[in-house]
1. Check which residues have an amide H placed less than 5 Å from TYR56's amide H, if you skip close sequence neighbours.
2. Determine the alpha carbon to alpha carbon distance for each of LYS92/LYS249; LYS8/LYS456; LYS249/LYS475; LYS8/LYS475; LYS398/LYS456 and list only those over 29 Å.
3. If packing is taken as the average number of other Cβ atoms within 10 Å across a peptide's residues, how do 377-384, 429-436 rank, most packed first?
4. So what is the diffusion coefficient of segment 81-149 in µm² per second by Stokes-Einstein at 20 °C and 1.002 mPa s, using a Kirkwood Rh over Cα pairs?
5. Going out from 0 in 5 Å bins, what whole percent of all Cα-Cα distances in segment 377-450 drops into each bin?
6. Using the count of nearby Cβ atoms within 10 Å as a rough guide to exposure, how do VAL480, VAL471, VAL409, VAL364 rank from fewest to most?
7. Can you give the calculated 222 nm mean residue ellipticity of the chain, where each DSSP H run of n ≥ 4 adds -39,500 (n - 2.57) and the sum is split over every residue, rounded to the nearest 500 deg cm²/dmol?
8. Which of the peptides 400-408, 236-244, 291-299 is most tightly packed, and how do the rest follow, judged by the mean count of other Cβ atoms within 10 Å per residue?
Amino acid sequence: MTIREAVKLYPKAIMWSLFFSTAVAMEGYDLVLVSSLFAFPTFRERYGEPGKNGAYQITAPWQTGLNNAARCGEILGLLLNGWLAERFGFRKTMIGSLVALTGFIFIPFFAKDLTTILIGDILMGFPWGVFQTLTTSYAVEVCPVVLRAYLTTYVNMMWGLGQLLSVGVLRAMLARTDDWSYRIPFALQWMWPVPLIIGICFAPESPWWLVRKGRHVDARAALRALSMNSDDELDTTISMMRHTDEVEKEISQGTSYLDCFRGVNLRRTEIACIGWVIQAACGASLMGNAAYFFQQAGLATTTSFNFTVSLYSVAMVGVVISWFVMTRVGRRTIYLWGLSGLVVTMLTTGFVGLSHSKKSGYGVGTLLLVFTLIYDITIGTVAYSLVAEIPSSRLRTKTVVLGRTLYNVQGTINGVITPYMLNPNAWNWQAKAGFFWGGTGLLCLIWTYFRLPEPKGRTFAELDLLFEQKVPARKFATAVVDAFPTHVTGTAGDVELDGKTRL
């Protein structure tokens, strides 16, 4: 099936997938909002302490706490989502999370101290944790293989949109000197939940989830609501789903978190988890603290926010470019080349940081823009497709949850050390932090070369067989798979290495 054919047959699936993914913009908005407020003059004067040079700063411990508050809630929300989505379905879980978020937004909006903001961010993290994985899983389960990469990575564009809106709002508020300069950005979070709740009430449930629940008639109805296929084509698709589900039952019984670490699923869980952790372990925390990072590198407040707006605009351009790259290049290749570019950029940033010239701040800003472009063309976008493709369909939601949870654990570590790296009253590394992230990026590159397989163009059934037969990561792209033989026995065939891997 070509992309054009898929768009004609699945316009409603595309629409609903894009609609679900909009929820991720809320998380991107708030995470960048909180970290950018550390560079916001009115917020620092209201909640900060005078530093060595007399300028107000949010202390490093408080920066650490606020950076990690939402992530702590997200980890709990992620783990809860693995059970909720499998028990109640995607639609009900999404609607319940949006209702909860609507109430939690009141807490930071009316906050009179940093403690209240911290509590509010922890609570808002619960529904954000649900959005992180549920949107990706829904996209991969309602769209055909040829559209999988585009709809799963669109999640990253929504993340970037939220970040861009957040920084843009703060940039517009710089001229204000009252409390509303930072309360208005918090209040704008209410613009998302109500339209999403109304729309999702009419969205079809995931047909894969319905098949896993044995509700085959409902699955057929959901598939009809998502596609323009004929009755015969619907029956064929449902048969394929049922067959894939049965094969996965034979390969690995159970759908609990523990099953993610049993048999062949252990390898799939490792790839999904580390594939997502790499996003956070290569220097991306500098993007999340961009406005503050630019300030500590020597740029003025207004210039820092201008650079940050440019950075998140570049991020969205990178996502669009990645869609064209993914049609021609495999996920593994994108990861390898992307990480190579990020390591070089981070090390260069570190060397520029050794200079004490006033112009070095602009050099650091330019390098972070280059880093952002490479990141969002490669691992920043492709990870969303990769982690949704790798798990088995029966364990997809839970595996994606585990992957995103580990990502948030790494993000929490970043949230602890990055403020100390940048704060002038703490370690004061400034741009020299690039040396540290260049080193961690190199470790990620080594893992990618030896462990990351190529799922591009594979159906879920083909991936099941490739993992069942323990095909090495570097041979995934050349393996020839017969996922639906004439006589299905429920077991995979033999592996013959005659130049290509045959299953």
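1. Those lying under 5 Å, H to H, from TYR56 are GLY51.
2. LYS8/LYS475
3. My ranking of the peptides, most packed first, is 377-384, 429-436.
4. 160 µm²/s
5. All Cα pairs considered, the percentages come to 3, 12, 15, 22, 19, 13, 8, 5, 2, 1.
6. VAL480, VAL409, VAL471, VAL364
7. Details: 24 runs with 361 residues, N = 503.
Using -39500 (n - 2.57) per qualifying helix, the result is -23500 deg cm²/dmol.
8. Result, highest mean Cβ count within 10 Å first: 400-408, 291-299, 236-244.
Since every read-out is calculated from the coordinates, none of them should be taken as a lab result. All values reported here derive from a predicted model rather than from experimental measurement. Glycine also receives a Cβ, built like all others from the backbone with ideal geometry; neighbour counts cover every protein chain displayed.
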